[in-house]
Amino acid sequence: MSTQALTGLRDYLTGTLSASDMNWLAAELTKFTKKDEFPLKRYTKEEINAMLDEAEADIAAGREYDHEDVMREWDEELARMEQEEREYAEAV
């Protein structure tokens, strides 16, 4: 993920989460950086092929979102939030 995307995610989260929620999230993310606690799972070739088949079926059935869809939805959500903030500021 790019630094710009990460910065946007950070700014979004710090703008929406409370301090206690941010502390909880930081502690949860820190757990994932400790490799001993989360060893990598080994998969067989058959398991990997089954996961790929399932993913391809999901894509074919329209149950997956690509990166552009996710970013478009995120932009729309941010635009809605900014509009709500402007409307609130005008009302106050």
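The values are calculated or read from the model by the stated rules, or taken from the named source; none is laboratory data. Source: prediction; values computed, not measured. The area values use the complete protein model at the heavy-atom level, side chains included, leaving out ligands, DNA and RNA. Shrake-Rupley method; radii C 1.70, N 1.55, O 1.52, S 1.80 Å.
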What about Asn49, is it in a helix (DSSP H, G or I) and open to solvent by 90 Å² or more (accessible area, probe 1.4 Å)?
-> no
Filter region 1-37 down to residues that are open to solvent by 70 Å² or more (accessible area, probe 1.4 Å) and aromatic (Phe, Trp, Tyr), then give me how many there are.
-> 2
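Table: residues versus (1) under 23 Å from Ala5 (Cα atoms); (2) open to solvent by less than 70 Å² (accessible area, probe 1.4 Å); (3) part of a helix (DSSP H, G or I).
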residue	(1), (2), (3)
Pro39	no, no, no
Tyr43	no, no, no
Ile59	no, no, yes
Asp69	yes, yes, yes
Leu78	yes, yes, yes
Gln83	yes, no, yes
Arg86	no, no, yes
